[in-house]
1. Mind listing the phi-derived Karplus ³J(HN,Hα) values for region A:165-174, rounded to whole Hz, using 6.51, -1.76 and 1.60 with θ = phi - 60°, and x for any glycine or proline?
2. Which residue, A:171, A:126, A:153, has the largest displacement toward the positive end of the dipole of region A:125-173 when charges sit on each Cβ (Lys, Arg +1; Asp, Glu -1)?
3. Kindly flag which residue pairs out of A:279/A:316; A:258/A:355; A:114/A:258 have an alpha-carbon separation exceeding 26 Å in this structure.
4. Tell me which aspartates and glutamates have Cα within less than 19 Å of residue A:371's Cα, excluding those fewer than 8 residues away on the same chain?
5. Highest mean first, what order results for A:125-138, A:253-266 on Cβ atoms within 10 Å?
6. With N residues in region B:2-98, what two-decimal value do you get for its Cα radius of gyration over 2.2 N^0.38 Å?
7. Name the residue from B:27, B:56, B:96 whose Cα lies farthest towards the positive end of the charge dipole of region B:2-98, charges +1 on Cβ of Lys and Arg and -1 on Cβ of Asp and Glu.
8. Provide a whole-number value for the mean count of partner chain Cβ atoms within 10 Å of the Cβ atoms in peptide B:11-23.
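The values are calculated or read from the model by the stated rules, or taken from the named source; none is laboratory data. Here the structure is a predicted model, which means the values were calculated and not measured. Cβ: placed from backbone, ideal geometry, glycine included. Neighbour counts: every protein chain shown. Just the protein is used for accessible areas: all its heavy atoms, side chains included, with ligands, DNA and RNA removed. Shrake-Rupley method; radii C 1.70, N 1.55, O 1.52, S 1.80 Å.
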Amino acid sequence: MSAISQGAFDGGSGHSCNSGNPHCTHHRHAICFIIPPIMLRNIAEKGDEEQRTLAFHTLAASERFRGQREVLSALGIVKSLGSPGEKLRTIYDAKRGTTLPGRLVRSEGKKATKDQAVNEAYDGSGATYDFYSEVYERNSIDDRGFRLDSTVHYDRDYDNAFWNGTQMVYGDGDGQIFQRFTRSIDVIAHELTHGVTEFEAGLEYQDQPGALNESFSDVFGSLVKQWVRKETAEQANWIIGEGLFTSRVKGIGIRSMKAPGTAYDDPLLGQDPQPAHMKDYYGGAEDNGGVHINSGIPNRAFYLAATAIGGYAWEKAGKIWYIALRDRLRSTAQFVDAAKVTMAVAGDLFGLKSKEMKAVRGAWQKVGVIK
Amino acid sequence: MRASLERTGGFAGMRLTSTADTDKLAPEEAKELRQLVEAADFFRLPPTIASQANQPDRFQYKLTVEDDQRTHTVMVGEAAIPPRVRPLAEWLTQYARRR
(Lines give C-alpha, C1' and ligand atoms only; values in the text may rest on other atoms or scores of the structure.)
Protein backbone atom coordinates (compact mmCIF):
# COMPACT_ATOMS: atom_id res chain seq x y z
CA MET A 1 0.00 0.00 0.00
CA SER A 2 2.93 2.35 0.27
CA ALA A 3 4.58 4.18 -2.54
CA ILE A 4 7.94 5.85 -2.54
CA SER A 5 7.94 9.28 -4.03
CA GLN A 6 9.59 12.61 -3.63
CA GLY A 7 7.39 15.32 -2.24
CA ALA A 8 5.07 15.66 0.67
CA PHE A 9 5.96 14.23 4.04
CA ASP A 10 3.71 11.26 4.66
CA GLY A 11 0.97 12.43 2.38
CA GLY A 12 0.44 15.23 4.83
CA SER A 13 -1.17 17.40 2.22
CA GLY A 14 -4.37 15.45 2.51
CA HIS A 15 -5.91 12.33 1.13
CA SER A 16 -4.44 12.26 -2.31
CA CYS A 17 -3.18 9.03 -3.81
CA ASN A 18 0.02 8.80 -5.73
CA SER A 19 -0.54 5.45 -7.31
CA GLY A 20 -2.41 6.68 -10.33
CA ASN A 21 -4.94 4.02 -9.47
CA PRO A 22 -8.35 4.72 -10.99
CA HIS A 23 -10.11 3.24 -7.95
CA CYS A 24 -8.63 5.90 -5.70
CA THR A 25 -10.81 8.74 -6.80
CA HIS A 26 -12.66 9.46 -3.59
CA HIS A 27 -11.38 12.03 -1.13
CA ARG A 28 -13.38 11.39 2.00
CA HIS A 29 -11.29 8.49 3.19
CA ALA A 30 -7.72 8.52 4.35
CA ILE A 31 -7.19 5.00 3.05
CA CYS A 32 -7.23 4.33 -0.62
CA PHE A 33 -7.86 0.89 -1.95
CA ILE A 34 -5.96 -0.58 -4.80
CA ILE A 35 -7.94 -3.77 -5.36
CA PRO A 36 -10.54 -3.47 -8.12
CA PRO A 37 -14.12 -4.11 -6.93
CA ILE A 38 -14.55 -7.09 -9.27
CA MET A 39 -11.62 -8.81 -7.62
CA LEU A 40 -13.09 -8.07 -4.20
CA ARG A 41 -16.34 -9.69 -5.25
CA ASN A 42 -14.45 -12.81 -6.32
CA ILE A 43 -12.64 -12.92 -3.02
CA ALA A 44 -15.86 -12.36 -1.10
CA GLU A 45 -17.49 -15.23 -3.00
CA LYS A 46 -14.67 -17.74 -3.11
CA GLY A 47 -12.08 -16.73 -0.53
CA ASP A 48 -11.42 -18.26 2.86
CA GLU A 49 -12.71 -16.56 6.00
CA GLU A 50 -9.78 -14.21 6.42
CA GLN A 51 -9.82 -13.19 2.78
CA ARG A 52 -13.55 -12.60 2.97
CA THR A 53 -13.12 -10.44 6.05
CA LEU A 54 -10.48 -8.36 4.34
CA ALA A 55 -12.62 -8.02 1.24
CA PHE A 56 -15.55 -7.00 3.40
CA HIS A 57 -13.49 -4.31 5.12
CA THR A 58 -12.43 -2.89 1.84
CA LEU A 59 -15.92 -2.91 0.40
CA ALA A 60 -17.59 -1.54 3.49
CA ALA A 61 -15.16 1.33 3.80
CA SER A 62 -15.15 2.22 0.17
CA GLU A 63 -17.23 5.25 -0.69
CA ARG A 64 -18.48 3.75 -3.91
CA PHE A 65 -20.09 0.85 -2.04
CA ARG A 66 -21.63 2.90 0.73
CA GLY A 67 -25.33 2.41 0.87
CA GLN A 68 -25.21 -0.67 -1.33
CA ARG A 69 -25.85 -3.28 1.27
CA GLU A 70 -27.81 -5.31 -1.26
CA VAL A 71 -24.57 -5.99 -3.07
CA LEU A 72 -22.95 -7.26 0.08
CA SER A 73 -26.06 -9.20 0.98
CA ALA A 74 -26.05 -10.93 -2.38
CA LEU A 75 -22.50 -11.99 -1.69
CA GLY A 76 -23.63 -13.73 1.48
CA ILE A 77 -21.51 -11.61 3.77
CA VAL A 78 -24.33 -9.46 5.06
CA LYS A 79 -24.03 -11.04 8.49
CA SER A 80 -20.74 -9.24 8.83
CA LEU A 81 -22.58 -5.97 8.71
CA GLY A 82 -24.92 -6.57 11.58
CA SER A 83 -28.45 -5.28 11.58
CA PRO A 84 -29.13 -1.59 12.00
CA GLY A 85 -28.91 -0.64 15.65
CA GLU A 86 -26.76 -3.59 16.49
CA LYS A 87 -23.36 -3.57 18.07
CA LEU A 88 -20.90 -5.82 16.32
CA ARG A 89 -17.54 -6.06 18.02
CA THR A 90 -14.70 -8.32 17.00
CA ILE A 91 -11.38 -8.45 18.80
CA TYR A 92 -8.23 -9.80 17.18
CA ASP A 93 -4.79 -10.61 18.58
CA ALA A 94 -1.74 -9.59 16.53
CA LYS A 95 0.46 -11.64 18.89
CA ARG A 96 3.12 -8.93 18.91
CA GLY A 97 3.34 -8.90 15.14
CA THR A 98 2.22 -6.20 12.73
CA THR A 99 -0.10 -8.18 10.46
CA LEU A 100 -3.68 -6.93 10.69
CA PRO A 101 -6.19 -7.86 11.80
CA GLY A 102 -4.54 -10.92 13.41
CA ARG A 103 -6.22 -13.94 14.97
CA LEU A 104 -9.87 -13.65 16.03
CA VAL A 105 -10.10 -14.00 19.83
CA ARG A 106 -13.53 -12.64 20.83
CA SER A 107 -16.62 -11.86 18.83
CA GLU A 108 -19.91 -10.17 19.75
CA GLY A 109 -21.79 -11.82 22.58
CA LYS A 110 -18.97 -14.18 23.54
CA LYS A 111 -17.90 -14.31 27.14
CA ALA A 112 -14.85 -12.57 28.57
CA THR A 113 -11.43 -14.09 27.98
CA LYS A 114 -8.47 -14.27 30.37
CA ASP A 115 -6.75 -11.53 28.40
CA GLN A 116 -7.41 -8.09 29.93
CA ALA A 117 -6.48 -6.22 26.75
CA VAL A 118 -9.07 -8.23 24.78
CA ASN A 119 -11.79 -7.53 27.34
CA GLU A 120 -10.93 -3.85 27.63
CA ALA A 121 -11.06 -3.41 23.85
CA TYR A 122 -14.40 -5.24 23.80
CA ASP A 123 -15.95 -3.32 26.70
CA GLY A 124 -14.52 0.05 25.65
CA SER A 125 -15.74 -0.19 22.07
CA GLY A 126 -19.11 -1.37 23.41
CA ALA A 127 -19.40 1.64 25.72
CA THR A 128 -18.45 3.95 22.86
CA TYR A 129 -21.08 2.38 20.61
CA ASP A 130 -23.71 2.73 23.36
CA PHE A 131 -22.73 6.36 23.99
CA TYR A 132 -23.13 7.38 20.35
CA SER A 133 -26.33 5.35 20.04
CA GLU A 134 -28.07 6.49 23.22
CA VAL A 135 -26.88 10.10 23.39
CA TYR A 136 -26.79 11.11 19.71
CA GLU A 137 -28.85 8.31 18.10
CA ARG A 138 -25.89 7.40 15.93
CA ASN A 139 -25.55 3.82 14.73
CA SER A 140 -21.81 3.20 14.96
CA ILE A 141 -18.97 4.96 13.15
CA ASP A 142 -20.77 5.48 9.84
CA ASP A 143 -24.28 5.70 11.31
CA ARG A 144 -25.01 2.51 9.34
CA GLY A 145 -23.83 -0.11 11.78
CA PHE A 146 -20.15 -0.23 10.80
CA ARG A 147 -18.57 -3.18 12.57
CA LEU A 148 -16.17 -2.37 15.39
CA ASP A 149 -12.97 -4.32 14.92
CA SER A 150 -10.03 -4.01 17.26
CA THR A 151 -6.59 -5.60 17.28
CA VAL A 152 -4.66 -5.85 20.55
CA HIS A 153 -1.02 -6.83 21.22
CA TYR A 154 0.15 -5.05 18.08
CA ASP A 155 3.93 -5.11 17.56
CA ARG A 156 6.50 -5.29 20.36
CA ASP A 157 6.88 -2.56 22.99
CA TYR A 158 4.48 -0.50 20.89
CA ASP A 159 3.72 2.83 22.60
CA ASN A 160 0.70 3.70 20.55
CA ALA A 161 -2.88 3.18 19.44
CA PHE A 162 -4.34 4.18 16.09
CA TRP A 163 -7.28 3.99 13.71
CA ASN A 164 -6.24 2.68 10.27
CA GLY A 165 -9.40 3.58 8.41
CA THR A 166 -11.25 0.34 9.13
CA GLN A 167 -10.27 -0.74 12.63
CA MET A 168 -8.66 0.18 15.94
CA VAL A 169 -5.17 -1.01 16.81
CA TYR A 170 -3.59 -1.08 20.28
CA GLY A 171 -0.04 -1.62 21.48
CA ASP A 172 0.98 -3.10 24.82
CA GLY A 173 3.37 -0.24 25.65
CA ASP A 174 7.03 -0.70 26.45
CA GLY A 175 6.49 -1.30 30.17
CA GLN A 176 9.01 1.46 30.98
CA ILE A 177 6.94 4.51 30.09
CA PHE A 178 3.63 3.17 28.84
CA GLN A 179 1.34 0.38 29.85
CA ARG A 180 -1.15 -1.15 27.42
CA PHE A 181 -3.26 1.40 25.57
CA THR A 182 -6.60 -0.29 26.19
CA ARG A 183 -6.37 0.67 29.87
CA SER A 184 -8.01 4.04 29.24
CA ILE A 185 -11.55 4.04 27.89
CA ASP A 186 -11.02 7.54 26.49
CA VAL A 187 -8.24 6.18 24.27
CA ILE A 188 -10.65 3.63 22.82
CA ALA A 189 -13.36 6.25 22.26
CA HIS A 190 -10.71 8.60 20.82
CA GLU A 191 -9.77 6.03 18.17
CA LEU A 192 -13.39 5.25 17.28
CA THR A 193 -14.12 8.94 16.97
CA HIS A 194 -11.39 9.19 14.33
CA GLY A 195 -13.65 6.86 12.38
CA VAL A 196 -16.69 9.09 12.96
CA THR A 197 -14.73 12.15 11.84
CA GLU A 198 -13.57 10.34 8.72
CA PHE A 199 -17.18 9.61 7.75
CA GLU A 200 -18.45 13.09 8.65
CA ALA A 201 -16.40 16.31 8.45
CA GLY A 202 -13.44 14.35 7.03
CA LEU A 203 -11.02 16.80 8.65
CA GLU A 204 -7.62 16.66 6.98
CA TYR A 205 -4.95 15.28 9.25
CA GLN A 206 -2.61 18.25 9.00
CA ASP A 207 -2.20 21.65 10.69
CA GLN A 208 -5.40 23.22 12.10
CA PRO A 209 -7.91 20.81 10.51
CA GLY A 210 -5.72 18.01 11.89
CA ALA A 211 -5.64 19.56 15.37
CA LEU A 212 -9.45 19.84 15.21
CA ASN A 213 -9.61 16.19 14.14
CA GLU A 214 -7.52 15.29 17.20
CA SER A 215 -9.58 17.56 19.44
CA PHE A 216 -12.89 15.96 18.41
CA SER A 217 -11.37 12.58 19.29
CA ASP A 218 -10.34 13.88 22.71
CA VAL A 219 -13.70 15.61 23.27
CA PHE A 220 -15.76 12.49 22.60
CA GLY A 221 -13.11 10.29 24.20
CA SER A 222 -13.53 12.27 27.39
CA LEU A 223 -17.33 12.40 27.07
CA VAL A 224 -17.56 8.60 26.80
CA LYS A 225 -15.56 8.32 30.03
CA GLN A 226 -17.76 10.93 31.74
CA TRP A 227 -20.93 9.24 30.48
CA VAL A 228 -19.82 5.83 31.77
CA ARG A 229 -18.97 7.36 35.15
CA LYS A 230 -22.04 9.65 35.18
CA GLU A 231 -19.86 12.67 35.95
CA THR A 232 -20.85 16.29 35.48
CA ALA A 233 -18.49 18.74 33.75
CA GLU A 234 -17.43 19.97 37.20
CA GLN A 235 -16.77 16.48 38.55
CA ALA A 236 -14.76 15.22 35.55
CA ASN A 237 -10.96 15.55 35.59
CA TRP A 238 -10.71 16.11 31.79
CA ILE A 239 -7.54 14.01 31.55
CA ILE A 240 -6.93 12.01 28.38
CA GLY A 241 -5.04 8.75 28.74
CA GLU A 242 -5.16 8.55 32.52
CA GLY A 243 -3.53 5.32 33.70
CA LEU A 244 -1.40 4.75 30.60
CA PHE A 245 1.87 5.79 32.23
CA THR A 246 3.80 3.39 34.43
CA SER A 247 4.42 4.47 38.03
CA ARG A 248 7.91 5.63 37.05
CA VAL A 249 6.56 8.56 35.02
CA LYS A 250 5.75 11.89 36.66
CA GLY A 251 2.41 12.61 35.09
CA ILE A 252 -1.32 12.02 35.49
CA GLY A 253 -2.02 11.31 31.81
CA ILE A 254 -1.21 12.24 28.23
CA ARG A 255 -3.23 15.44 27.88
CA SER A 256 -5.31 17.75 30.05
CA MET A 257 -8.30 19.40 28.38
CA LYS A 258 -8.81 21.59 31.44
CA ALA A 259 -5.21 22.80 31.63
CA PRO A 260 -3.32 21.86 28.45
CA GLY A 261 0.43 21.65 29.03
CA THR A 262 0.18 20.28 32.58
CA ALA A 263 -0.53 16.56 32.12
CA TYR A 264 3.08 15.46 32.70
CA ASP A 265 6.46 16.89 33.53
CA ASP A 266 9.04 14.15 33.63
CA PRO A 267 12.86 14.05 33.45
CA LEU A 268 12.80 11.59 30.53
CA LEU A 269 9.68 12.73 28.65
CA GLY A 270 10.03 16.44 29.25
CA GLN A 271 6.98 18.63 29.73
CA ASP A 272 3.57 18.28 28.13
CA PRO A 273 3.92 20.54 25.03
CA GLN A 274 0.27 21.49 24.59
CA PRO A 275 -0.67 25.18 24.34
CA ALA A 276 -3.78 26.42 26.15
CA HIS A 277 -4.05 29.63 24.12
CA MET A 278 -3.40 30.83 20.56
CA LYS A 279 -0.45 32.91 21.74
CA ASP A 280 1.46 29.66 22.30
CA TYR A 281 0.39 28.02 19.03
CA TYR A 282 2.96 25.57 17.66
CA GLY A 283 3.91 26.45 14.07
CA GLY A 284 6.45 23.71 13.33
CA ALA A 285 6.27 20.76 10.94
CA GLU A 286 6.52 17.89 13.41
CA ASP A 287 3.53 15.69 14.13
CA ASN A 288 1.74 16.70 10.90
CA GLY A 289 1.99 20.32 11.92
CA GLY A 290 1.40 19.70 15.61
CA VAL A 291 -1.96 17.94 15.45
CA HIS A 292 -1.45 16.41 18.93
CA ILE A 293 0.03 19.67 20.23
CA ASN A 294 -2.32 22.42 19.06
CA SER A 295 -5.38 20.30 19.85
CA GLY A 296 -4.90 21.72 23.36
CA ILE A 297 -6.49 24.97 22.20
CA PRO A 298 -9.85 23.61 20.94
CA ASN A 299 -9.78 21.03 23.77
CA ARG A 300 -9.72 23.81 26.33
CA ALA A 301 -12.43 25.69 24.43
CA PHE A 302 -14.67 22.65 24.80
CA TYR A 303 -13.86 22.32 28.49
CA LEU A 304 -14.62 26.01 29.07
CA ALA A 305 -17.92 25.84 27.17
CA ALA A 306 -18.99 22.66 28.98
CA THR A 307 -18.21 23.97 32.45
CA ALA A 308 -19.84 27.35 31.73
CA ILE A 309 -23.01 25.54 30.65
CA GLY A 310 -22.79 23.10 33.54
CA GLY A 311 -24.36 19.69 34.13
CA TYR A 312 -23.53 16.66 32.01
CA ALA A 313 -21.17 17.82 29.26
CA TRP A 314 -22.53 15.38 26.66
CA GLU A 315 -26.05 16.83 26.85
CA LYS A 316 -25.46 20.36 25.55
CA ALA A 317 -21.81 21.18 24.79
CA GLY A 318 -21.30 17.66 23.40
CA LYS A 319 -24.41 17.93 21.25
CA ILE A 320 -23.25 21.28 19.82
CA TRP A 321 -19.84 19.83 18.95
CA TYR A 322 -21.40 16.65 17.56
CA ILE A 323 -23.75 18.49 15.19
CA ALA A 324 -20.87 20.75 14.09
CA LEU A 325 -18.80 17.67 13.26
CA ARG A 326 -21.64 15.81 11.57
CA ASP A 327 -23.31 18.57 9.57
CA ARG A 328 -21.39 21.80 9.43
CA LEU A 329 -17.62 21.52 9.32
CA ARG A 330 -15.64 21.13 6.11
CA SER A 331 -12.50 19.06 5.74
CA THR A 332 -10.25 22.13 5.65
CA ALA A 333 -11.80 23.90 8.65
CA GLN A 334 -9.55 26.15 10.71
CA PHE A 335 -9.99 26.91 14.45
CA VAL A 336 -11.91 30.07 13.63
CA ASP A 337 -14.32 28.05 11.46
CA ALA A 338 -14.89 25.64 14.34
CA ALA A 339 -15.61 28.64 16.58
CA LYS A 340 -18.12 30.13 14.12
CA VAL A 341 -19.81 26.81 13.43
CA THR A 342 -20.18 25.77 17.08
CA MET A 343 -21.59 29.23 17.89
CA ALA A 344 -24.04 28.91 15.00
CA VAL A 345 -25.14 25.46 16.18
CA ALA A 346 -25.51 26.71 19.76
CA GLY A 347 -27.66 29.57 18.42
CA ASP A 348 -29.82 27.17 16.41
CA LEU A 349 -30.33 24.75 19.29
CA PHE A 350 -30.66 27.12 22.22
CA GLY A 351 -31.20 30.62 20.82
CA LEU A 352 -28.85 33.43 19.85
CA LYS A 353 -29.02 35.06 23.28
CA SER A 354 -28.96 31.82 25.22
CA LYS A 355 -26.56 30.97 28.03
CA GLU A 356 -25.26 28.12 25.86
CA MET A 357 -24.45 30.40 22.93
CA LYS A 358 -22.66 32.84 25.25
CA ALA A 359 -20.74 29.99 26.86
CA VAL A 360 -19.47 28.77 23.48
CA ARG A 361 -18.48 32.28 22.34
CA GLY A 362 -16.78 33.01 25.65
CA ALA A 363 -14.83 29.75 25.44
CA TRP A 364 -13.33 30.50 22.01
CA GLN A 365 -12.56 34.06 23.13
CA LYS A 366 -10.70 32.83 26.21
CA VAL A 367 -8.37 30.62 24.14
CA GLY A 368 -7.70 33.48 21.72
CA VAL A 369 -9.35 32.00 18.61
CA ILE A 370 -11.87 34.86 18.26
CA LYS A 371 -12.05 38.35 19.70
CA MET B 1 29.24 6.89 11.43
CA ARG B 2 26.33 8.46 13.28
CA ALA B 3 22.71 7.45 12.93
CA SER B 4 19.89 9.36 14.54
CA LEU B 5 16.16 9.04 14.92
CA GLU B 6 13.42 11.53 15.74
CA ARG B 7 10.00 10.03 16.30
CA THR B 8 7.05 12.40 16.68
CA GLY B 9 3.28 12.07 16.54
CA GLY B 10 1.48 9.00 17.78
CA PHE B 11 -1.50 9.11 20.16
CA ALA B 12 0.66 10.68 22.85
CA GLY B 13 2.28 13.21 20.51
CA MET B 14 5.60 12.78 22.30
CA ARG B 15 9.04 13.20 20.87
CA LEU B 16 11.56 10.39 21.06
CA THR B 17 15.12 10.97 19.87
CA SER B 18 18.36 9.02 19.77
CA THR B 19 21.76 9.28 18.17
CA ALA B 20 24.08 6.29 17.94
CA ASP B 21 27.76 6.82 17.09
CA THR B 22 29.69 3.79 15.90
CA ASP B 23 32.85 5.22 17.53
CA LYS B 24 31.18 5.01 20.92
CA LEU B 25 29.30 1.74 20.55
CA ALA B 26 30.61 -1.69 21.48
CA PRO B 27 32.26 -3.28 18.40
CA GLU B 28 29.44 -5.79 17.93
CA GLU B 29 26.77 -3.08 18.09
CA ALA B 30 28.70 -0.80 15.75
CA LYS B 31 28.91 -3.64 13.25
CA GLU B 32 25.18 -4.32 13.62
CA LEU B 33 24.30 -0.66 13.03
CA ARG B 34 26.52 -0.44 9.93
CA GLN B 35 24.84 -3.56 8.56
CA LEU B 36 21.37 -2.10 9.15
CA VAL B 37 22.27 1.13 7.36
CA GLU B 38 23.69 -0.87 4.47
CA ALA B 39 20.68 -3.21 4.32
CA ALA B 40 18.39 -0.18 4.17
CA ASP B 41 20.43 1.18 1.24
CA PHE B 42 19.97 4.33 3.24
CA PHE B 43 21.85 6.86 1.12
CA ARG B 44 19.74 6.02 -1.90
CA LEU B 45 16.38 6.52 -0.18
CA PRO B 46 14.40 9.59 -1.20
CA PRO B 47 14.34 12.40 1.40
CA THR B 48 10.63 11.93 1.93
CA ILE B 49 8.69 8.72 1.59
CA ALA B 50 5.04 9.57 1.11
CA SER B 51 2.27 7.43 2.48
CA GLN B 52 -0.95 6.85 0.59
CA ALA B 53 -2.74 6.56 3.87
CA ASN B 54 -2.38 9.43 6.29
CA GLN B 55 -3.61 7.45 9.28
CA PRO B 56 -4.54 9.22 12.51
CA ASP B 57 -2.23 8.78 15.51
CA ARG B 58 0.58 7.08 13.65
CA PHE B 59 4.23 7.92 14.24
CA GLN B 60 6.34 10.14 12.00
CA TYR B 61 10.03 9.31 11.65
CA LYS B 62 13.00 11.42 10.69
CA LEU B 63 16.13 9.31 10.19
CA THR B 64 19.56 10.78 9.58
CA VAL B 65 22.83 8.97 8.84
CA GLU B 66 26.17 10.68 8.47
CA ASP B 67 29.53 9.18 7.64
CA ASP B 68 32.85 10.75 6.62
CA GLN B 69 31.67 11.90 3.22
CA ARG B 70 27.95 12.47 3.40
CA THR B 71 24.80 13.13 5.41
CA HIS B 72 21.34 11.99 4.42
CA THR B 73 17.95 12.52 6.06
CA VAL B 74 14.76 10.59 5.35
CA MET B 75 11.27 11.54 6.54
CA VAL B 76 8.72 8.75 6.58
CA GLY B 77 5.37 7.94 8.19
CA GLU B 78 5.13 4.73 10.17
CA ALA B 79 2.66 3.14 7.76
CA ALA B 80 5.00 3.75 4.79
CA ILE B 81 8.32 2.51 6.19
CA PRO B 82 9.85 0.23 3.56
CA PRO B 83 10.55 -3.27 4.97
CA ARG B 84 14.28 -2.88 4.46
CA VAL B 85 14.35 0.33 6.54
CA ARG B 86 12.18 -0.92 9.37
CA PRO B 87 14.92 -2.85 11.25
CA LEU B 88 17.07 0.32 11.38
CA ALA B 89 14.18 2.39 12.77
CA GLU B 90 13.42 -0.33 15.32
CA TRP B 91 17.05 -0.57 16.38
CA LEU B 92 17.28 3.19 16.94
CA THR B 93 13.97 3.21 18.82
CA GLN B 94 15.27 0.52 21.17
CA TYR B 95 18.51 2.48 21.53
CA ALA B 96 16.53 5.59 22.53
CA ARG B 97 14.76 3.70 25.29
CA ARG B 98 17.94 2.15 26.66
CA ARG B 99 19.63 5.36 27.72
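1. x, 10, 7, 9, 9, 10, x, 8, x, 8
2. Comparing the listed Cα positions along the dipole, A:126 ranks first.
3. A:279/A:316; A:114/A:258
4. A:280, A:337, A:356
5. Those peptides, ordered most packed to least, come out A:253-266, A:125-138.
6. Output field value: 1.05.
7. B:56
8. Mean number of neighbouring Cβ atoms from other chains: 6.
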